[in-house]
Amino acid sequence: MNPEKDFAPLTPNIVRALNDKLYEKRKVAALEIEKLVREFVAQNNTVQIKHVIQTLSQEFALSQHPHSRKGGLIGLAACSIALGKDSGLYLKELIEPVLTCFNDADSRLRYYACEALYNIVKVARGAVLPHFNVLFDGLSKLAADPDPNVKSGSELLDRLLKDIVTESNKFDLVGFIPLLRERIYSNNQYARQFIISWILVLESVPDINLLDYLPEILDGLFQILGDNGKEIRKMCEVVLGEFLKEIKKNPSSVKFAEMANILVIHCQTTGGPDVSCDSSFSSGISVFSPASTERVPVTLHLDGIVQVLNCHLSDMAIGMMTRIAVLKWLYHLYIKTPRKMFRHTDSLFPILLQTLSDESDEVILKDLEVLAEIASSPAGQTEDLGPLDGPDLRASHSELQVPTPGRAGLLTTPSTKGLECSPSTPTMNSYFYKFMINLLKRFSSERKLLEVRGAFIIRQLCLLLNAENIFHSMADILLREEDLKFASTMVHTLNTILLTSTELFQLRNQLKDLRTLESQDLFCCLYRSWCHNPVTTVSLCFLTQNYRHAYDLIQKFGDLEVTVDFLTEVDKLVQLIECPIFTYLRLQLLDVKNNPYLIKALYGLLMLLPQSSAFQLLSHRLQCVPNPELLQTEDSLKAAPKSQKTDSASIDYAELLQHFEKVQKKHLEVRHQRSGRGDHLDRRVVL
C-alpha cells in the first residue's frame with residue numbers, strides 16, 4: 001500500500017493501525033472509524049460515509065496485503081455499527097467486499113470475514129433480506145470449509161440469518177428457490193446438512209409455503225436421503241416427514257402430478273431410498289381422504305422427556321451439538337409448558353449450573369437462556385422453594401429468603417437487617433435470587449470459571465435479565481460472604497464489568513447522578529459490598545460523582561495494609577481514569593472551583609503510588625488542571641458561584657464510611673489469621 005496516498009477522511013493514524021499485524025491495533029482503528037462515521041451520520045453527510053466505505057473496501061478489504069484485508073474487514077463492520085438503522089442504505093457496498101474475502105486462501109481472513117459479516121447482519125437485521133441469495137451462496141461454501149474455526153464462525157452467522165428470516169414476513173421465496181434447487185445437488189456432506197437445515201427452517205415459518213415448491217426440490221431431497229452419513233439421512237427424513245404432514249393437512253394444494261415421475265424413478269432406483277413402502281406417497285387418494293386428516297390428540301409424557309434430556313445433559317461424553325439440542329428442547333419446553341416444567345426445575349437446576357463450565361461458548365449461551373427463562377418466568381412465582389444446588393449450600397446463604405413482590409426490594413431477616421436486597425420486579429420470580437446465590441457459589445468453588453468465563457457469563461445475563469437486579473442481588477449476597485478473599489475478587493470482577501461493558505451503559509447512566517431514590521438505593525447496596533475492595537469503592541464513588549466521599553475514603557487508606565495487590569489496583573484505577581468511561585470526570589477538572597474534592601482525591605491517589613508509570617500518567621494529568629483565576633471571565637465574576645454537587649440527603653455518608661472501616665478491619669483480621677497459620681504469603685511493601 002502506498003504510504004503517500006491520501007485516504008481522507010481516514011487519518012494517517014487510522015490507516016497505519018488498520019495495516020498493523022496486531023489485532024488490538026486494528027481494533028483501536030475500528031473504534032476510531034466508528035466514531036468518525038457516527039459524526040458523519042449526525043451531519044447527514046452521505047458523501048463522506050460512502051467515501052469511507054469505498055476506501056475501506058477498495059484500498060483495504062480487497063487489498064493484496066493480508067493485514068490490510070483484515071483491517072478493511074473490521075473497518076467495514078465498524079461502519080455498519082456506527083450507521084445503525086441507516087446501514088440498510090449501504091448494505092451492497094458493505095457486504096460485497098466481505099463476501100469476496102470468503103474465498104481467501106488464508107483461513108484467518110475467512111474467519112475475520114465471518115466475524116465482520118455477522119456484525120453487519122446483526123445491525124441491519126431485516127434489511128439484509130434483499131441480499132439473501134448472495135449471503136446464502138457465501139454461507140453454503142463456508143459450510144464445507146476445512147478450518148474448524150471458520151466453520152464455527154459461519155454457523156453463528158447462519159443461525160443469525162435464520163432468526164432474521166424466521167421473524168420476517170418479507171422473505172422472497174420465489175427468488176430463492178432457483179438457488180436452493182441448484183445447491184441441493186451438492187455432494188459435500190456439510191453442504192448437504194446446511195441445505196437441509198435451511199429447508200427445515202423455511203418449512204417451520206407459517207408465512208412461507210414451501211409445499212408449493214416441493215416438486216422442484218424433491219429429487220434433490222431423495223438424493224440426500226441416499227447419503228452415506230447416518231446423521232444426514234436422519235435430517236432428511238425429518239424434512240420429508242414435515243412435508244408429509246403438510247400434504248396430509250392440505251391435499252388439495254399438493255402438485256401430485258409434478259411429483260409422480262420423481263417418486264417412480266426413485267422407487268425403481270437400485271440401492272436408492274425405499275420410498276415404495278411408504279403408502280403416504282403412492283396411494284394419494286386413500287391417504288388424503290377427509291377421514292385421514294383428523295388429528296389424534298397427543299399426550300406429552302413430560303416426565304419421561306425431561307428424564308431423557310437430563311440424562312443426556314449430564315453425560316460429559318456427548319458432543320457439543322447434542323448438548324445444544326438438549327438445551328434448545330429445555331428452553332422450548334419452558335416456553336410452551338412453563339407450569340409443568342417448573343415441577344422439574346429442582347432436578348434440572350444443578351446440571352444447568354454445571355453446564356456453565358462447558359468448553360463451548362455456544363453451549364454456555366444456550367444454557368444461560370434456559371436459566372434466564374427459569375429465573376424470569378411468571379410460572380416460577382412461588383414462595384415454597386428449597387435450595388437448588390444440593391444440601392451442602394452454605395449456612396449463610398441458605399438463610400437468605402426470596403424477596404416478596406411489592407416490598408420495594410427490601411429484605412428484612414435476622415441476617416440481613418437493614419440491608420438492601422435484589423429488587424423485586426414483575427420480570428423476576430422466586431428462582432431469580434436463588435439462581436444468583438448458586439451462581440456465586442459456583443464461582444467461589446471454581447475460581448477458574450470465574451477467571452475465564454465469569455465476565456462473559458455476567459454480561460450475557462445482563463442482556464437476558466435485568467442488569468440492575470443482577471448487580472443488586474449479587475451485591476447483597478456478597479455482603480454476607482464468609483470467604484473475604486473471594487468477596488474481594490468477585491467485587492473487583494463486577495466493578496470492572498460495571499465500568500467497561502457496553503451492556504451496562506444504561507446502569508452506569510442511572511448511577512452517574514443519583515437523582516432517583518432507586519439509584520441511591522442501588523448505590524448504597526453496591527457500596528456496602530464494594531467495601532470488600534477499597535480501590536473499587538473509590539472507583540464507584542468516582543462513577544457516581546461522590547468526590548468528597550472518595551477523598552474521605554482515600555484518607556482512610558493510610559490506616560490500611562498496603563500490599564502489592566493494593567498498589568496494582570490503584571495503578572489500574574489510574575489507567576481507567578484515562579479511558580472514555582471517565583471522560584466527564586476529566587472534563588470536570590476544568591471547573592476547579594466547584595470540584596476541589598475531585599482534585600484532592602486524585603492527588604490522594606498520586607500520593608499512594610510509588611514512582612511508576614501510573615504515577616507519571618496521573619501526575620501529567622493533574623499538571624493540566626488549570627489555574628481557576630485564569631479561567632474567570634467578566635460574566636463569571638459577576639455571577640454567583642456555583643454550588644458544588646451536593647450529596648443526596650437520603651444517603652448517610654458517615655455511616656457508609658463507618659461500614660467501610662468495619663469491613664476493612666475484618667479483612668485485616670482474616671489476613672493476620674492466615675499469616676499466623678503460615679498459609680499466607682506476606683506481600684506487604686514499604687513505600
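With respect to the conditions (1) buried (at least 18 other Cβ atoms within 10 Å of the Cβ); (2) farther than 25 Å from Leu129 by Cβ, Val98 lacks only one, and its number is (2). A residue that is in a helix (DSSP H, G or I) and among the β-branched types (Val, Ile, Thr) occurs somewhere in segment 537-547.
Every test in (1) modelled with pLDDT under 85; (2) open to solvent by less than 50 Å² (accessible area, probe 1.4 Å); (3) farther than 30 Å from Leu526 by Cα is passed by Ser612 save one, and that test is (1).
Would you check if Val28 is aliphatic (A, V, I, L, M) and either farther than 17 Å from Ala124 by Cβ or not in a helix (DSSP H, G or I) (or both)? Answer is yes for this residue. Answer with yes or no whether Ala191 is buried (at least 18 other Cβ atoms within 10 Å of the Cβ), among the aliphatic types (A, V, I, L, M) and more than 25 Å from Met259 (Cα to Cα). No, not satisfied. Going by the structure shown, is Asp158 in contact (Cβ under 8 Å) with a residue 12 or more places away in the chain, exposed (fewer than 15 other Cβ atoms within 10 Å of the Cβ) and out of contact with any Lys or Arg (no Cβ under 9 Å at 6 or more places or on another chain)? Here the answer is no, as Asp158 does not meet what is asked. Taking Leu161 as the residue in question, decide whether it is under 19 Å from the mean Cα position of the chain (by Cα) and either within 19 Å of Arg192 (Cβ to Cβ) or not acidic (Asp, Glu) (or both). Yes, satisfied. One residue stands out in segment 200-210 among those that are in a helix (DSSP H, G or I) and touching a residue at least 40 places away in the same chain (Cβ under 8 Å): the one that is surrounded by the most Cβ atoms within 10 Å (Cβ to Cβ), namely Glu203. Against the definition (at pLDDT 90 or above, open to solvent by less than 10 Å² (accessible area, probe 1.4 Å), in contact with a helix residue (DSSP H, G or I) (Cβ under 9 Å, 6 or more places away or on another chain) and under 24 Å from Leu522 (Cα atoms)), how does Leu540 come out, yes or no? So Leu540 passes the test. Taking the listed residues Ala61, Ala42, the one that is over 26 Å from Ala105 (Cα atoms) and among the small types (Gly, Ala, Ser) is Ala42, with no other qualifying.
One line per residue, one yes/no per condition, for (1) closer than 28 Å to Ser152 by Cβ; (2) open to solvent by 30 Å² or more (accessible area, probe 1.4 Å):
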| site | (1), (2) |
| --- | --- |
| Arg183 | yes, yes |
| Ile195 | yes, no |
| Trp198 | yes, no |
| Asp212 | no, yes |
| Pro215 | no, no |
| Asp219 | no, yes |
| Lys234 | yes, yes |
| Phe243 | no, no |
| Glu258 | no, yes |
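Which one of these does Leu89 not meet: (1) under 30 Å from Ser140 (Cβ atoms); (2) of a type in the set (A, V, I, L, M); (3) crowded, with 23+ Cβ neighbours inside 10 Å? Here Leu89 meets the rest and fails (3).
The condition of being assigned to a helix (DSSP H, G or I) and open to solvent by 70 Å² or more (accessible area, probe 1.4 Å) holds for only one of Leu587, Leu605, that being Leu587.
The values are calculated or read from the model by the stated rules, or taken from the named source; none is laboratory data. As the structure is a computational prediction, the values presented were derived from the model and not from experiment. Note: ideal-geometry Cβ built from the backbone for every residue, glycine included; neighbour counts use all protein chains shown. All accessible areas refer to the heavy atoms of the entire protein, side chains included, with ligands and DNA or RNA removed. Shrake-Rupley method; radii C 1.70, N 1.55, O 1.52, S 1.80 Å.
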